[in-house]
Amino acid sequence: MKKESGITIVALVVTIVVMLILVGVSVTVSINGGLFNTTKESTYKTEVSQVKEALEEEIVQRKARRESVDNITIADLDIPDKIKEKYKDKLIIIGKDIYYDPANIEKDNEEAWLEDMDISTNTKFFTYNSNGDTITGLSESGYAAIENGVTKFVMPTKYVSKDANGNRKVTTITTIGENAFNATVEEKKACAKIKSVIFPTTLTTLKTNAFDGCNGLEKIDLSNTQIEAIGNYSFRNCSNLAEVKAPNILKSIGAASFENCKNLLKIDLSKTQVTYIGQYAFSYCKNLKEAILPENLTGLDSFAFWHCEKMEKVNLGRITSVRPYCFQYCTSLKNIEIPDSVTYIAERSFQCCSSLEKLIIPSSVTSIDFEAFMFDPAIQEIRIPSSVTTMSSNVFSQSAKGGKMYVPFTKEEGKPSGWSSEWNKSGATIIYADETT
């Protein structure tokens, strides 16, 4: 009886399969499992087609609303949530086109199916070093994309290649190489048209001149990366850069890394671990109004905020010295609180800060070098502690006109021996120690 039942089921299966074939339906039959599925390829391509169609509709709607189409993601599309979840890491939308991330493609046949649908890998836009862990620049496809109007690039987290035996090899991308997108280099000048870059979350190293001269860049978001140090000149001359988000684990900012970023309005490093900011790091950021520096900052190098003419607010963390020319020509800076960790104020560090109104020098300071506060006419009050044993020439020359300067000695005692005979030359009224009420 059981045998006849088995024969009957098999006959039924065969009959159904024949009927489906006759009406043109492609099926996969598993007699042992008793399952009937449309082919995986057919399902896959149908779902991807839904993504493509939804993208086209989203672009039409955004254009009708006069909105940008440069920041569309899978999550924005009108497709079932299960499709969004399935393809959110596999498919990447760049402008009006869809690409796939080979690191998130499980099998080679998926790549073939996507290529059949004219969807290619996003890794094709870049060149890599021999190890595959470093992006060294744009490829021919990348430059062609720019010529076709692409301004946004999504960097892959992994590079997929074949090993010597032809097996699939996946390498994590950790580095953007020296001069990788340096638009000041003749053969890379098209990089100046890049407006947006999505950095890989696996990124740990950003080397020298990586994006120098990329004046199309409007925003830099490194907050999800693993970068601890921003290399020298990394974003120098990015004149349209208006916003920078740093990762919390960031520890240092290299020399001239944001020099001449004229559109940068604010830099907030308060949640980072930055202890050192290099020379010229933010010099000539002429529209920078506020710099919020971390409390653990100990090193702020020469010329760091040189010619930041609109800067109104800055804190100095726990730096030990104010380096030469650090705030020279910060003509909008009204108040500066020098922390009690500072022992030395270098030459011309606050020269030509023409809006500076009040200056309190902490008792930790022992030495002030020449012309440190020269040409600061708006200062109304200067207080110098007795800890200052060395004072060079012209420290307050042409400053504090009509203001008051409180000095740590009496008129009878006279200045300390370590003070230059030309230390003052200000326009301030001297208030001696025995005259203070």
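Rule-based calculations on the coordinates, nothing more; no lab input. Remember, predicted model here, so these are calculated numbers, not experimental data. Positions of Cβ are generated from backbone atoms using ideal geometry, with glycine treated the same way; all protein chains shown enter the neighbour counts.
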request  = For every other residue with a beta carbon closer than 13 angstrom to the beta carbon of residue 318, add +1 if it is Lys or Arg and -1 if Asp or Glu, then tell me the sum.
outcome  = -3
message = Starting from 0.36 nm per residue, how many nanometres of slack lie between residue 320 and residue 82 once their C-alpha separation is accounted for?
response = 80.1 nm
For mean projected area of the Cα convex hull in nm², calculated from these coordinates, the label among [x] 26.0; [y] 21.4; [z] 32.4 = [z]
query = Put a dot 7 Å past each Cα toward the Cβ at residue 221 and residue 162; how far apart are the dots in nm?
reply = 3.7
key: Cα gyration tensor shape for region 50-197, rounded if a/c is under 1.5, else prolate or oblate   = oblate
ask   = What full-extension length gain, to one decimal in nm, is calculated for residue 148 and residue 62 as 0.36 nm per residue of separation minus the Cα-Cα distance?
value = 29.0 nm
key: Label point distance in nm, residue 390-residue 341, each placed 7 Å from Cα along Cα→Cβ   = 2.2
key: Residue exposure sequence - 410, 172, 121 - by fewest surrounding Cβ within 10 Å   = 410, 172, 121
query = Which of the aspartates and glutamates could be linked to residue 82 by a straight reach, that is with a Cα gap under 20 Å, when you skip same-chain ones fewer than 8 residues away?
reply = 41, 47, 53, 56, 57, 58, 101, 106, 110
remark   = Net charge (Lys, Arg +1; Asp, Glu -1) of residues whose beta-carbon lies under 13 Å from that of residue 147, residue 147 excluded, is +1
message = A 28 angstrom limit on the alpha carbon distance is what I want to check against. Which of 262/313; 152/310; 169/195 exceed it?
response = 152/310; 169/195
message = Taking 0.36 nm per residue of sequence separation and subtracting the Cα-Cα distance, how much length would be gained by fully extending the chain between residue 170 and residue 70, in nm to one decimal?
response = 33.1 nm
task = Output the pairs from 188/245; 90/207; 158/219; 245/289; 90/124; 158/189 with a Cα-Cα distance over 18 Å in this structure; if there are none, say none.
result = 188/245; 90/207; 158/219; 158/189
query = How many nm is it between the label spots at residue 109 and residue 290, if each spot is 7 Å from the Cα in line with the beta carbon?
reply = 5.7
ask   = Looking only at region 114-142, which residues have a backbone nitrogen under 13 Å from a spot 7 Å from the Cα of residue 198 in the C-beta direction?
value = 122-123
ask   = What does the charge add up to near residue 95, with Lys and Arg as +1, Asp and Glu as -1, over the other residues with Cβ less than 9 Å from its Cβ?
value = 0
query = In what order do 348, 318, 236 fall by count of nearby beta-carbon atoms within 10 Å, going from fewest to most?
reply = 318, 348, 236
request  = Run down the lysines and flag those whose C-alpha is under 28 Å from the C-alpha of residue 415, throwing out any fewer than 8 positions away in its chain.
outcome  = 358, 401, 404, 425
inquiry  = Apply the Karplus curve 6.51 cos²θ - 1.76 cosθ + 1.60, θ = phi - 60°, to the phi angles in region 78-93 and return the couplings in whole Hz, x for Gly and Pro.
reply    = 8, 9, x, 4, 5, 6, 4, 5, 5, 10, 4, 9, 8, 10, 10, 9
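State, as an integer percentage, the relative contact order of region 238-381 based on alpha-carbon contacts under 8 Å between residues 6 or more apart.
RCO, region 238-381: 16 percent.
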query = What helices does the chain hold that run 24 Å or longer along their axis, going by alpha-carbon atoms, with a Kyte-Doolittle average of 0.5 or more, using DSSP H for the helix calls?
reply = 2-22
